[in-house]
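Scroll down for the structure; my scribbles are underneath it.
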Amino acid sequence: MLLKGQVEYKKFKEGKPLTRKQAMLAQCYMCNGEEEGGVDCQGMSCPLYQYFPYKGRKDSKLEL
């Protein structure tokens, strides 16, 4: 199963060019410890946070 940003991060590590969106996804993937939680990381100090794909999404496990 591929995680959001995983393909883009691999392309980056291989030295291939990325689009702006691909670079943002790769950064989020790398910053989250190469995991995808599918929840808002709350990374307000990150300059890319405004483009974070899970912004505003809460962990469904916490809302039991």
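The values are calculated or read from the model by the stated rules, or taken from the named source; none is laboratory data. These figures come from a predicted structure and were not determined experimentally. Using ideal geometry, Cβ is built from the backbone for each residue, glycine included, and neighbour counts are taken over all protein chains shown.
In table form, for the structure just shown:
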| item | result |
| --- | --- |
| Considering residues of segment 30-53 that are in contact with a helix residue (DSSP H, G or I) (Cβ under 7 Å, 6 or more places away or on another chain) and in a helix (DSSP H, G or I) only, the residue modelled with the lowest pLDDT | TYR51 |
| Selection count where residues are at pLDDT below 90, of a type outside the set (D, E, K, R) and under 11 Å from the mean Cα position of the chain (by Cα), scope segment 1-29 | 9 |
